[in-house]
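Data block below; observations after.
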Amino acid sequence: MEGSGRTDGPRRGRPAKDAAIIRAARAVFGRDGYARTTTDAIAREAGVSTRTLYKHFGSKERLFSVVLAESATRVADAFAEYVERGLREASGPEERLVAVGRALVAHRVDFPDHFALVQMIDVEGPHFPRELLREWQEAGPLRVRGEVVRRLEELASEGLLRIADPERAALHFTALATFEVSIRSAGGPLTGEQITDMVTAGVRAFLDGYRRTDG
């Protein structure tokens, strides 16, 4: 029964119940993993019957796909908003890149349920259909990377950075701006000042390699 049913998204006219099921599924999938999660467990968490869950989403796989895409979209939207907000008070390449780096850290910290799903995909990913993973990438990670690319290209167009490969530069920037925070946060919560200091150190390392010096 779990592999059958409708293949489109949730039906219209029942947004509150759909939202409750999606919230419950995000929590249960993130906690138990895809393979161990049952539709009965999700239904209990959402306060609905299993029959209602199938009526709305058709199958566990389809529900997971909807949850993942919805969650990734929400996180990518938040990231773009964080960047925009941070750049309002930033000037110069270092401050602007620190704003982008802090947004990368913040969106990971603020959506723990989503990144629990991402960790689960890292472990169970080979078992998921490629189409599902592609939809997730397009809804979230590729949008976030695209926003980083856009901000780097803005600085390059102003003659402040030299970038031959924007996609590679975005990967380098993300790694340098976030890696220390991700390692040190394993030892306990970090203060805002500590995060800014770590992101700034990463940004300076990035600028050492990418700052334009021929003008």
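The values are calculated or read from the model by the stated rules, or taken from the named source; none is laboratory data. Predicted model, so just to flag it, every value in this text is computed and none were measured. Cβ placement follows ideal geometry from the backbone for every residue including glycine, while neighbour counts extend to all protein chains displayed. Ligands, DNA and RNA are excluded from the accessible area calculation, which covers all protein heavy atoms including side chains. Shrake-Rupley method; radii C 1.70, N 1.55, O 1.52, S 1.80 Å.
When residues in segment 13-57 are screened for being of a type in the set (S, T, N, Q) and open to solvent by less than 20 Å² (accessible area, probe 1.4 Å), 2 of them pass. Taking residues in segment 90-104 that are open to solvent by 20 Å² or more (accessible area, probe 1.4 Å), and partners anywhere that are among the hydrophobic types (A, V, I, L, M, F, W, C) and not in a helix (DSSP H, G or I), the pairs with Cβ atoms closer than 6 Å and at least 6 places apart or on different chains are PRO93/LEU160; ARG96/ALA90. For the residues VAL67, VAL75, VAL83, the requirement of being in contact with a His (Cβ under 6 Å, 6 or more places away or on another chain), open to solvent by less than 10 Å² (accessible area, probe 1.4 Å) and at pLDDT 90 or above singles out VAL75. The requirement of being within 23 Å of THR200 (Cα to Cα) and of a type in the set (Lys, Arg) is not satisfied by ARG130. Restricting segment 56-89 to residues that are without any contact (Cβ under 8 Å) to a residue 24 or more places away in the chain and not in a helix (DSSP H, G or I), which is nearest to GLU147 (Cα to Cα)? So, considering only residues that are without any contact (Cβ under 8 Å) to a residue 24 or more places away in the chain and not in a helix (DSSP H, G or I), the one nearest to GLU147 (Cα to Cα) is ARG88. Pairing each residue of segment 28-50 that is free of Cβ contacts under 8 Å to residues at least 12 places away in the same chain with any residue that is open to solvent by 70 Å² or more (accessible area, probe 1.4 Å) and not aliphatic (A, V, I, L, M), provided the two are 6+ apart or on different chains, yields C-beta distances under 7 Å for THR50/ASP40.
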